[in-house]
Amino acid sequence: ASLTGLLPATVFAQNKIVLGFAQVGAESEWRTANTESIKSSAAAAGIDLKFSDAQQKQENQIKAIRSYIAQKVDVIAFSPVVESGWDTVLLEAKAAKIPVVLTDRSVNSKDTSLYVTFMGSDFTEEGRKAGKWLVEKMKDNKGPINIVELQGTVGSAPAIDRKKGFEEIIKADPKFKITRSQTGDFTRAKGKEVMEAFLKADKNINVLYAHNDDMAIGAIQAIEEAGLKPAKDITIISIDAVKGAFEAMIAGKLNVSVECSPLLGPQLMSAVKDIKAGKTLPKRIVTEEGIFPMEVAAKEFPSRKY
Ligand code: GYE
């Protein structure tokens with residue numbers, strides 16, 4: 001027998017890199033795809049993954065990170081629910097010499113030595129893409145164009161930045177006006193509920209800008225129940241480009257979705273291995289992404305991976 005065949009399995013188990021991952025929750029189709037990407041790529045990379053779901057609550061995420069510190073994992077990765085309030089727990093990880101990787105969402109800590117790298121999308125750019133699409137679509141419309149906005153989770157990086165990027169573009173033309181803006185917490189149920197309230201209060205809605213597809217899909221239901229035609233009576237723009245959005249576009253109910261890729265798992269696992277090998281990583285790793293108007297949805301659908 002070979003020498004390795006004679007060694008007890010635990011010898012190898014001890015050599016496995018242990019990664020503690022504190023996930024946001026399971027609020028959207030995007031998040032489900034992100035979780036699946038992290039779990040499957042950890043398995044493929046031979047990394048021992050400890051996974052927790054914070055149900056969109058920062059306090060749960062902080063608890064999970066503290067338990068990973070107590071367990072002395074090799075690397076901690078997490079997608080912060082909100083941007084602020086992380087310094088204390090990140091200093092605890094630093095004191096324990098456990099490197100931290102931010103995935104998907106960032107923190108607004110001044111001290112960037114608290115994490116090794118941040119990998120994920122440029123949310124401000126996604127907001128700009130949404131705004132540019134609208135400006136082009138409405139170029140022959142004299143206005144006024146009344147826009148209602150469904151924001152993501154309050155205080156989260158994607159909600160803050162997608163709002164900022166979109167406003168930056170539309171403010172160039174005063175015919176665009178955001179008339180109502182409220183959080184739908186990135187969920188279908190909340191997206192529907194808030195859109196219902198918007199429709200009850202307001203007969204003058206021309207455009208819906210939703211910070212993710214799930215809220216747009218919930219809002220589409222509300223629009224139909226109010227006797228209106230989504231994507232016709234109200235132009236609908238959202239972000240993520242998940243399968244559900246493609247189905248809505250193919251059905252003619254959603255005008256456009258800006259891509260935000262959740263498939264961060266493979267990138268994360270290679271970063272974890274690089275950190276353990278002592279390599280230096282760039283402070284920021286940006287995900288490349290596009291935009292899909294409904295006209296191309298049917299053609300693109302078969303090649304979509306999430
Ligand atoms: O757009 C949304 C999810 O942080 C980019 O979180 C992510 C966002 C995504 O709930 O659907």
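Which condition does Pro302 not pass, out of (1) away from the ligand (no atom under 16 Å from the Cβ); (2) at pLDDT 95 or above; (3) over 30 Å from Asp74 (Cβ atoms); (4) open to solvent by 70 Å² or more (accessible area, probe 1.4 Å), if it passes all the others?
Unmet condition: (2).
Mind checking which residues of region 168-188 are away from the ligand (no atom under 16 Å from the Cβ) and open to solvent by 40 Å² or more (accessible area, probe 1.4 Å)?
Result: Glu168, Lys171, Ala172, Asp173, Pro174, Lys177, Ile178, Thr179, Arg180, Ser181, Gln182.
Go through (1) under 26 Å from Val154 (Cβ atoms); (2) in contact (Cβ under 8 Å) with a residue 12 or more places away in the chain; (3) of a type in the set (S, T, N, Q) one by one and return the number of the condition Thr32 breaks.
The failed condition is (2).
Checking Ile285 against (1) more than 27 Å from Ile217 (Cα to Cα); (2) within 16 Å of the ligand (Cβ to nearest atom); (3) open to solvent by less than 20 Å² (accessible area, probe 1.4 Å); (4) not polar (S, T, N, Q), which single condition isn't satisfied?
Against the list (1) more than 27 Å from Ile217 (Cα to Cα); (2) within 16 Å of the ligand (Cβ to nearest atom); (3) open to solvent by less than 20 Å² (accessible area, probe 1.4 Å); (4) not polar (S, T, N, Q), Ile285 comes up short only on (3).
If I go through region 138-167 residue by residue, how many of them are part of a loop (DSSP other than H, G, I, E, B) and away from the ligand (no atom under 16 Å from the Cβ)? Spell out how you get there, then give the answer.
Residues of region 138-167 that are part of a loop (DSSP other than H, G, I, E, B), as a first pass: 138-144, 152-156.
Going one step further and asking which of them are away from the ligand (no atom under 16 Å from the Cβ), we end up with 138-144.
Adding up the residues that qualify gives 7.
Based on this model, can you work out whether Glu125 counts as open to solvent by 20 Å² or more (accessible area, probe 1.4 Å) and in contact with a Gly (Cβ under 9 Å, 6 or more places away or on another chain)?
yes
Are there any pairs, at least 6 apart or on different chains, whose C-beta atoms fall under 7 Å, with the first in region 140-151 and surrounded by 12 or more Cβ atoms within 10 Å (Cβ to Cβ) and the second assigned to a loop (DSSP other than H, G, I, E, B) and of a type in the set (D, E, K, R), and if so, which?
Here the result reads Gly143/Lys175; Pro144/Lys175; Ile145/Lys175, each pair linking region 140-151 to a residue that is assigned to a loop (DSSP other than H, G, I, E, B) and of a type in the set (D, E, K, R).
Looking at region 246-261, which of its residues are under 22 Å from Ser40 (Cβ atoms) and in contact with a strand residue (DSSP E or B) (Cβ under 8 Å, 6 or more places away or on another chain)? Outline the logic, then answer.
Initial filter on region 246-261 (under 22 Å from Ser40 (Cβ atoms)): 246, 259-261.
Result: Phe246, Glu259, Cys260.
Suppose we filter region 11-57 for residues that are more than 16 Å from the ligand (Cβ to nearest atom), open to solvent by 20 Å² or more (accessible area, probe 1.4 Å) and not hydrophobic (A, V, I, L, M, F, W, C); how many remain?
9
Output the residue which, of all residues in region 220-278 that are touching a Ser or Thr at 6+ places or on another chain (Cβ under 7 Å) and closer than 19 Å to Ile147 by Cα, is surrounded by the fewest Cβ atoms within 10 Å (Cβ to Cβ).
Asn255
I need a count of the residues in region 175-217 that are free of Cβ contacts under 8 Å to residues at least 60 places away in the same chain and not in a helix (DSSP H, G or I).
Looking only at that region, the number is 14.
Just for region 199-213: of the residues that are of a type outside the set (A, V, I, L, M) and open to solvent by less than 10 Å² (accessible area, probe 1.4 Å), which one is farthest from the ligand (Cβ to nearest atom)?
Within region 199-213, the match that is farthest from the ligand (Cβ to nearest atom) is Tyr209.
The values are calculated or read from the model by the stated rules, or taken from the named source; none is laboratory data. These numbers come from a predicted model, not from an experiment. Quick reminder, even Gly has a Cβ in these numbers, built from the backbone with ideal geometry, and neighbours come from all protein chains shown. These area figures cover heavy atoms from the full protein model, side chains too; ligands, DNA and RNA do not enter into them. Shrake-Rupley method; radii C 1.70, N 1.55, O 1.52, S 1.80 Å.
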